[in-house]
Every structure is written in C-alpha cells, then in structure tokens.
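Engineer: Right, I'll just put the structure down here and ask away after.
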Amino acid sequence: MEVLSDISGFFSAAAFVHVILAYNIVVGLPPFYRIPQRLPRVALSHSPIEPGEVVDDASAIMAPFMIGSIIIIMLFFLLELPFPFLIPGILLACAGFRLRRYLCRTTKGSLPWIIHAPAPWFLKTWAFRWPLLLFDAWTLIISLALASLIVL
C-alpha cells in the first residue's frame, strides 16, 4: 500500500513538472518553437473577444486542470482518502498533453535555427518527421528526472 502511495506521488510530481516545462516551451522559453514573448501587460479596459477570434492563451488551456487538481488534493487531505496524488497527477498530465496539442496546432515544428544546427543526419530526419520530438524529449525526460529527485 505504501508503494502505491509513493508511485502516485512520483507520478503527480512528474506531471506537475511536465506542465511547468510544457508551458515554458509554449510561451517561448527555451526558444525551441517560438521566439520568447514579453510578459503581457494587464489593461484595465479589456475589449471583449469577437465570436470568430481564436484565443491564443496557453494559461487558459491549463488553468481548469490546475484548479481541479488543487481542489482534489484539498478534498483528499480533508477526507483522509488513500492515494491523494493519483487523480491530480492524471489531471496535470492531461494539461501537459493539451499544451502539446496546442503547440502542435499553432506551430509546424521547431524554429529554423534548431533544424539547421549542426547535427547528424538522422537527428534532422527525426526533426522533420516528428516535429515535436524535441518538445517530448525536453519535457518528459527532465520531468521524470526532477520528479525522481523530488521523491527521493
């Protein structure tokens, strides 16, 4: 029973780090897919969105999942239920994969300087065949490594 609790904590930590890294890549840091943007200025008079306009806001994609995972964690701890991190981890993983789909829909691949960087031919072939391979490698490998450090 304790092993399952540790596994759910590891999964939740990895999903949380994955969402943070995915959001940073979607915003443009590190600049694999987009040129880094400045932080948006908050305006007091905000015009309403037109009906046909597409909202280009990555935080709106992940906000429901983040809020839902926080509420579920609080309920699990208040009701003292087992495996408090399993369902929030699933919600955070869904948020990370929605950010990945959003990045795939808005960009057609990594920036040209990544593709034209000096690399072996098979890496360039993979970059053209699977344009989000760099995103997956960056987010998944680093999130698993950091989650293992957090859980230890």
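The values are calculated or read from the model by the stated rules, or taken from the named source; none is laboratory data. These numbers come from a predicted model, not from an experiment. Cβ atoms come from the backbone with ideal geometry, glycine included; neighbour counts cover every protein chain shown.
Engineer: What residue, of Phe10, Phe16, Phe32, Phe97, is assigned to a loop (DSSP other than H, G, I, E, B), among the aromatic types (Phe, Trp, Tyr) and modelled with pLDDT of 80 or more?
Structural biologist: Of the residues listed, the single one that is assigned to a loop (DSSP other than H, G, I, E, B), among the aromatic types (Phe, Trp, Tyr) and modelled with pLDDT of 80 or more is Phe32.
Every residue, every condition in (1) modelled with pLDDT under 90; (2) of a type outside the set (A, V, I, L, M, F, W, C); (3) buried (at least 17 other Cβ atoms within 10 Å of the Cβ); (4) closer than 28 Å to Ala127 by Cα, yes or no:
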{"residue": "Met62", "(1), (2), (3), (4)": "yes, no, yes, yes"}
{"residue": "Ser69", "(1), (2), (3), (4)": "no, yes, yes, no"}
{"residue": "Met74", "(1), (2), (3), (4)": "no, no, no, no"}
{"residue": "Leu111", "(1), (2), (3), (4)": "yes, no, no, yes"}
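Engineer: So is Ser47 over 24 Å from Arg100 (Cα atoms), at pLDDT below 85 and either hydroxyl-bearing (Ser, Thr, Tyr) or touching a helix residue (DSSP H, G or I) at 6+ places or on another chain (Cβ under 6 Å) (or both) or not?
Structural biologist: Taking the combined requirement at face value, the residue satisfies it.
Engineer: Does Ser143 qualify as being in a helix (DSSP H, G or I), among the polar types (S, T, N, Q), under 16 Å from the mean Cα position of the chain (by Cα) and surrounded by 11 or more Cβ atoms within 10 Å (Cβ to Cβ)?
Structural biologist: So Ser143 fits the description; yes.
Engineer: Residue check: is Leu149 in a helix (DSSP H, G or I) and surrounded by 12 or more Cβ atoms within 10 Å (Cβ to Cβ)?
Structural biologist: No; evaluated as a whole, the condition is false for this residue.
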